[in-house]
Amino acid sequence: MSNEVLNSLLKEYEQKKLNAELDLDRRKNNLYKLIPRLEEIDNELNNYAINTAKNILNNSSDSSTINDLKQKISDLKKEKELILYKNNYTLDYLTPFYECKICNDTGFIINNNYKTTMCNCLKQKLLNISFNKSNMYNLKKENFDNFNELLFSDEVDLAKYKFNISPRKNISNIKNKCKDFINNFDNSEYKNLLFVGSTGLR
């Protein structure tokens, strides 16, 4: 997959993320007009969060003060949830509606080893593009389930086929190798497949 294709997809992701956040701003502003107390709560939450962080970083308050700030934050969040519930809004209404909840429309996530890896949603888009370029359109018919090994000879003829096994056995081995490759596609340690043959062979 070329860098040009990946960069194009990442621009799409940036736009999707921006659209979700602009949509949140619109919803938030409309809701603030309808229920002013929600804006007051959000402003208070921001102030308490900043004060809590400052106190922790500066070590300027005892634990009781920090715990008091955390309790106020908790109380405000509960009040906010109650207001949303009473007005028939879901609890996530004041959060961005990202298309992918895993990567938040960035295309990347932090794995368990704290390394940045590509999200499955972006992987799938790349695979879809590769698939569309591969001219494989009839997978309902052309797949392993419909593969007929009986079309190949069961005769062992070393002089003719250059193998000491039959073409049927050979194609069966090839099919199993291909299926094994597919099942281990995400394994970076797994070997690639290489198909070779004379020009025009399919």
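Couple of notes before you dig in:
- Filtering the range 18-62 to residues that are touching a Pro at 6+ places or on another chain (Cβ under 8 Å) and charged (D, E, K, R) leaves E21, D23.
- Criterion violated by C103 - all others in (1) at positive phi; (2) in contact with a helix residue (DSSP H, G or I) (Cβ under 9 Å, 6 or more places away or on another chain) satisfied: (1)
- Of residues in the range 148-202 being part of a helix (DSSP H, G or I) and within 25 Å of T117 (Cα to Cα), the one least open to solvent (accessible area, probe 1.4 Å): F181
- Considered as a group, the residues in the range 75-104 that are part of a loop (DSSP other than H, G, I, E, B) and open to solvent by 100 Å² or more (accessible area, probe 1.4 Å) include one that is farthest from R27 (Cα to Cα), and that residue is I102.
- Within the range 166-200, the set of residues being of a type in the set (A, V, I, L, M, F, W, C) and without any contact (Cβ under 8 Å) to a residue 12 or more places away in the chain comprises I174, I182, F185, L194, F195, V196.
- Within the range 22-41, being open to solvent by less than 60 Å² (accessible area, probe 1.4 Å) and of a type outside the set (K, R) holds for D23, L24, L31, Y32, I35, L38, I41.
- Qualifying positions in the range 105-146 - part of a loop (DSSP other than H, G, I, E, B), out of contact with any Cys (no Cβ under 9 Å at 6 or more places or on another chain) and either among the small types (G, A, S) or surrounded by 13 or more Cβ atoms within 10 Å (Cβ to Cβ) (or both): S134
- Filtered residue count, the range 1-33, keeping only those that are without any contact (Cβ under 8 Å) to a residue 12 or more places away in the chain and either of a type outside the set (S, T, Y) or not in a helix (DSSP H, G or I) (or both): 16
- In the condition set (1) in contact with a helix residue (DSSP H, G or I) (Cβ under 7 Å, 6 or more places away or on another chain); (2) surrounded by 14 or more Cβ atoms within 10 Å (Cβ to Cβ), T65 is compliant with all but (2).
The values are calculated or read from the model by the stated rules, or taken from the named source; none is laboratory data. Being a predicted model, the structure only gives us computed values, none of them experimental. Cβ atoms come from the backbone with ideal geometry, glycine included; neighbour counts cover every protein chain shown. Accessible surface areas use protein heavy atoms only, side chains included; no ligands, DNA or RNA. Shrake-Rupley method; radii C 1.70, N 1.55, O 1.52, S 1.80 Å.
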